[in-house]
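A.B. asks: This is the structure, below, for whatever I ask next.
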Amino acid sequence: MASTQPTHQHHSLKGLKPTILLKDIESQPEREKEEEQQEENIGLVKDYSKRAQVLRAAVLGANDGLLSTASLMMGVGAVHKDAKTMILTGFAGLVAGACSMAIGEFVSVYSQYDIEFAQMKREGNETEIKKEKLPNPYTAAVASAISFVVGALVPLLGALFVKGYKMRLGVVVGIVSLALLGFGALSAVLGKVPPVKSSLRVLFGGWLAMGITFGLTKAIGSASVEQ
């Protein structure tokens, strides 16, 4: 009796092997589907991340246009009280800044494009398919220029319809402050950081930039007049 027990156990184990293999074969398509779903989810996360980065770059470009143009207008407004000079200065800052942003972004993204494309050729990937996923320097240049112009138009439009000197300065500061709060909050949402602290940081930074530009230009203008 004792000698037949291992034989019976051996036969039982042999009977289990096909069953286990059959279960593995049946579950393989399910595992493949799960892996494909995970890859799709990862792809969606990466795509969302790229979009968020592009949107955040656009917001920062608009904020740059807003602040640099407003500071330039405040600086000129410190020594020239007429509206025409202030608005022309702001317009010149808008054009120069948009061109600078576009050219800088074009050169930067084109360099990144060349590096990634060269790496793809070294790895022997399907360049025609992968090439479509590379950054477009022309799109980046146009987007940077447009975002800068959008920000720069805020102080320009604010000063365009105000004739009084002090009132014009006050309107520019007020409308720029509101825009800085909005851009700061939007950038915080895209970067998933607390919006209140981010907005206040951007606002105080903008006030500091406009105040320093106004004060230094006023001091230099007064010194040159005295001489």
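Every number in this text was worked out from the coordinates using simple rules, so none of it is lab data. Predicted model, so just to flag it, every value in this text is computed and none were measured.
A.B. asks: If you take all C-alpha pairs in region 58-210, what percent of them are over 28 Å apart?
C.D. replies: Numbers: 3923 of 11628 pairs.
Within region 58-210, distances greater than 28 Å cover 34 percent of Cα pairs.
A.B. asks: How large is ³J(HN,Hα), in whole Hz, for each residue of region 208-222 in order, when computed from phi with the Karplus curve 6.51 cos²θ - 1.76 cosθ + 1.60 and θ = phi - 60°, using x for Gly and Pro?
C.D. replies: Couplings: 5, 5, 5, x, 5, 4, 4, x, 5, 5, 4, 5, 5, x, 5 Hz.
A.B. asks: Also, quick follow-up: Residue by residue through region 96-113, which ³J(HN,Hα) values in whole Hz follow from phi under the Karplus form 6.51 cos²θ - 1.76 cosθ + 1.60 (θ = phi - 60°), with glycine and proline marked x?
C.D. replies: Result, ordered by residue: 5, x, 5, 5, 5, 5, 5, 5, x, 5, 4, 5, 5, 6, 5, 5, 4, 4 Hz.
A.B. asks: Pop out the ³J(HN,Hα) list for region 157-168 in order, Karplus 6.51 cos²θ - 1.76 cosθ + 1.60 with θ = phi - 60°, rounded to Hz; leave Gly and Pro as x.
C.D. replies: Karplus-based 3J(HN,Hα) across region 157-168 equals 5, x, 8, 5, 10, 10, 8, x, 5, 5, 5, 5 Hz.
A.B. asks: Let me ask another. Averaged over all directions, how much area does the convex hull of the C-alpha atoms of region 138-227 cover when projected, in nm²?
C.D. replies: 8.1
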